[in-house]
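Okay, so here's the structure we're looking at.
The values are calculated or read from the model by the stated rules, or taken from the named source; none is laboratory data. Please read these numbers as outputs of a predicted model, since none were measured by experiment. All Cβ positions, even for glycine, are placed from backbone atoms using ideal geometry, and neighbour counts span all protein chains on display. These accessible areas exclude ligands, DNA and RNA; they are computed on the full protein's heavy atoms, side chains included. Shrake-Rupley method; radii C 1.70, N 1.55, O 1.52, S 1.80 Å.
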Amino acid sequence: MTLGQRLGQGDETALEECYAVLGPLVRRHVLRLVPCHAVDDVVQLVFLEVWRSRGRFDPARGLEPWVLAIARKRAIDQLRAESRHSRRAVPLDDAARVPDAAPAVDTACDVRRALADLPAPQRQAIVLAHYGQLTQREIADLLAVPLGTVKARTARGLHRMRDLL
């Protein structure tokens with residue numbers, strides 16, 4: 001029986017093994033996404049969720065991509081929480097000195113529209129690479145497709161976005 005199957009059946013020793021085997025990988029992955037001070041908390045949340053959601057694990061998809069997907073989601077949650085806490089009001093006297101953000105907002109809107117016009121597989125590869133900060137190998141593992149497929153989708157999507165922008 002595989003580690004993932006044992007975990008799915010509620011074997012607590014499987015969780016310990018999962019942490020021992022995948023903990024360093026999850027830590028490296030999370031370290032690329034969140035500030036150093038938050039890494040331990042996010043890793044702990046990842047394995048807590050692995051245990052809580054073990055019933056949703058599909059052994060056919062692979063344990064490592066499933067755990068890394070959870071890690072990415074928890075890292076994004078951490079970044080969102082930190083950004084909410086770091087927002088501060090700007091005094092009115094200082095508001096006049098704040099640079100105009102309109103060009104950046106327009107560019108972001110253009111990029112979102114271009115992404116929306118892409119076929120779903122191309123959009124997914126680009127979003128995971130650029131916003132999820134996953135490598136092409138990690139994307140291939142996560143989506144259970146060959147690495148060459150991810151490379152082709154990314155390249156075609158970026159070329160199409162260039163044309164759209």
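For ALA155, state whether it is modelled with pLDDT of 90 or more, more than 13 Å from the chain's Cα centre (by Cα) and of a type in the set (A, V, I, L, M, F, W, C). Show your work before the answer.
Values: modelled with pLDDT of 90 or more: yes; more than 13 Å from the chain's Cα centre (by Cα): yes; of a type in the set (A, V, I, L, M, F, W, C): yes.
Yes; evaluated as a whole, the condition is true for this residue.
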Single condition VAL43 does not satisfy, out of (1) at negative phi; (2) modelled with pLDDT under 90: (2)
Please find, within the range 7-17, the residue that is least open to solvent (accessible area, probe 1.4 Å) out of those that are at pLDDT 90 or above and under 22 Å from ASP141 (Cβ atoms). ALA14
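Return yes or no: is GLY4 outside any loop (DSSP other than H, G, I, E, B), closer than 23 Å to GLY132 by Cβ and at pLDDT below 90?
On the way: outside any loop (DSSP other than H, G, I, E, B): yes; closer than 23 Å to GLY132 by Cβ: yes; at pLDDT below 90: yes.
Yes, satisfied.
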Only one of ALA116, ALA20 is surrounded by fewer than 16 Cβ atoms within 10 Å (Cβ to Cβ) and either over 19 Å from the mean Cα position of the chain (by Cα) or at pLDDT 90 or above (or both); which? ALA20
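Restricting attention to the range 46-54, does a residue exist that is touching a residue at least 24 places away in the same chain (Cβ under 8 Å) and open to solvent by 80 Å² or more (accessible area, probe 1.4 Å)? Step through it out loud before you land on a result.
Our first condition is that a residue be touching a residue at least 24 places away in the same chain (Cβ under 8 Å); within the range 46-54, this holds for 46-47, 49-51, 54.
If we keep only those that are open to solvent by 80 Å² or more (accessible area, probe 1.4 Å) too, we end up with none.
Looking for residues that are touching a residue at least 24 places away in the same chain (Cβ under 8 Å) and open to solvent by 80 Å² or more (accessible area, probe 1.4 Å), one finds none in the range 46-54, hence no.
Examine the range 124-133 for a residue that is open to solvent by 60 Å² or more (accessible area, probe 1.4 Å) and assigned to a loop (DSSP other than H, G, I, E, B), and state whether such a residue exists. Outline the logic, then answer.
Here is the first cut: in the range 124-133, the residues open to solvent by 60 Å² or more (accessible area, probe 1.4 Å) are 124, 130-131, 133.
If we keep only those that are assigned to a loop (DSSP other than H, G, I, E, B) too, we end up with 131, 133.
Yes, that holds for at least one residue.
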Go through the range 26-44 and give me each residue that's over 14 Å from the mean Cα position of the chain (by Cα) and either of a type in the set (Lys, Arg) or open to solvent by less than 50 Å² (accessible area, probe 1.4 Å) (or both). PRO35, ALA38, VAL39
Any residue that is modelled with pLDDT of 90 or more and outside any helix (DSSP H, G or I) - is there at least one of those in the range 59-74? no
Which residue pairs have Cβ atoms closer than 8 Å, lie 6 or more positions apart in sequence or on different chains, and pair a first residue in the range 141-165 that is closer than 10 Å to ALA114 by Cα with a second residue that is open to solvent by 50 Å² or more (accessible area, probe 1.4 Å) and acidic (Asp, Glu)? ARG160/ASP117; LEU164/ASP117; LEU165/ASP110
